[in-house]
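Notes for the one structure printed next.
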Amino acid sequence: MPPVFRFAPSPNGYLHLGHAYSALLNFDLARETGGRFLLRIEDIDPARCRPDYEAAIYEDLAWLGMSWEEPVRRQSEHLDDCRAAIDRLMAQGLVYPSFESRAEVARLVAQRETAGTWPRDPDGAPLYPGAAKLMSADERTRRIEQGARYALRLDMAAACAAAGELSWIERGEGPGSETGTVVADPQAWGDVILARKEVPTSYHLSVVIDDALQGVTEVVRGQDLFHATAVHRLLQHLLGLPVPIYRHHRLIRDDLGGKLSKSTGSTGLRELRAAGARPADIRLLVDLP
């Protein structure tokens, strides 16, 4: 079977050079290996994702000379797949609801830090500090029936105990130059959120479900997602999903060495096009032949 690659942007802003590098790298690898190239739109955030950004993604990628298989998978059209996965994890006793607001979680973290440091995940966010896991089933049911907002969290300790040691094959290079067989450390992420009352999934859950259902065999993405692969390996194991090979690539950075980001207004492909750039110029800027 030919390898299957994918590029999976979120339509919450215009594509920048970092996106172009990742998309072109996937596209080139698919051509070089006789594989397939898929495009997926990760639009599970209704507050930030917009149709005009999605349309711009198609326009920018086509301008770069890329083509992809149709139909494009849009995550928002397949939420039932994620609900089914949550149900499977709940049946295993590995998911529980937490009811704290973001502000309440921040307050709890501040309280913990008055007594010393509080652990943070590889992205720098504090681990969940609450005690919702200890709440009785009756109390959880009562709150949900009363309409309380909640997040569904993975009981990381129980999940890791059930899974045992996990690893993945890394053909790229992690932030610490990790390559080959990498041992996963999902515990470093604490009880991650898998879904919320208003959105029945999260990035961690959606990405493993979609990769499996689309038959993706090669996940080529930025080094900023290297450590998150540990959570993805855990979910793949718990849900009985196939494990792709991973290739985490270098990040395209700005003049100050920072990661390019939509939220910080990094120069987009549209601006570069308007300034007269050609597709070949984009390849030069990201150091691709």
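Numbers at a glance
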| item | result |
| --- | --- |
| Any hit, region 148-169, residues being over 22 Å from Leu79 (Cα atoms), surrounded by 15 or more Cβ atoms within 10 Å (Cβ to Cβ) and within 17 Å of the chain's Cα centre (by Cα) | yes |
| Yes/no for Ile169 being part of a helix (DSSP H, G or I) and in contact (Cβ under 8 Å) with a residue 40 or more places away in the chain | no |
| Given (1) surrounded by 12 or more Cβ atoms within 10 Å (Cβ to Cβ); (2) touching a helix residue (DSSP H, G or I) at 6+ places or on another chain (Cβ under 9 Å); (3) touching a residue at least 24 places away in the same chain (Cβ under 8 Å); (4) outside any helix (DSSP H, G or I), index of the condition Ala188 fails | (4) |
| Sole exception among (1) assigned to a loop (DSSP other than H, G, I, E, B); (2) modelled with pLDDT of 95 or more for Ala161, by number | (1) |
| Spans of helices (runs of 4 or more DSSP H) in region 28-127 with at least 3 residues in contact with a helix residue (DSSP H, G or I) (Cβ under 6 Å, 6 or more places away or on another chain) and either in contact (Cβ under 8 Å) with a residue 60 or more places away in the chain or surrounded by 14 or more Cβ atoms within 10 Å (Cβ to Cβ) (or both) | 79-91 |
| In region 10-26, the residues that are free of Cβ contacts under 8 Å to residues at least 60 places away in the same chain and buried (at least 22 other Cβ atoms within 10 Å of the Cβ) | Pro11, Ala23 |
| Candidates Ala125, Ala132, Ala157, Ala161, filtered to the one that is in the same structural domain as Leu194 (by TED's automatic domain parsing) and more than 22 Å from Ala91 (Cα to Cα) | Ala125 |
| Subset tally (residues that are part of a helix (DSSP H, G or I) and farther than 17 Å from Arg247 by Cα) for region 1-27 | 1 |
| Check on Asp138, assigned to a loop (DSSP other than H, G, I, E, B), surrounded by fewer than 16 Cβ atoms within 10 Å (Cβ to Cβ), on the phi < 0 side of the Ramachandran plot and not hydrophobic (A, V, I, L, M, F, W, C) | no |
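Residue-wise test of (1) within 15 Å of the chain's Cα centre (by Cα); (2) at pLDDT 95 or above; (3) in a helix (DSSP H, G or I).
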{"site": "Ser206", "(1), (2), (3)": "yes, yes, yes"}
{"site": "Val220", "(1), (2), (3)": "yes, yes, no"}
{"site": "Leu234", "(1), (2), (3)": "yes, yes, yes"}
{"site": "Arg247", "(1), (2), (3)": "yes, yes, no"}
{"site": "Leu251", "(1), (2), (3)": "no, no, no"}
{"site": "Leu256", "(1), (2), (3)": "no, no, no"}
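The values are calculated or read from the model by the stated rules, or taken from the named source; none is laboratory data. Quantities reported herein were computed from a predicted structural model and do not represent experimental measurements. When we count neighbours, we look across all protein chains shown, and the Cβ atoms used for this are built from the backbone with ideal geometry, even at glycine.
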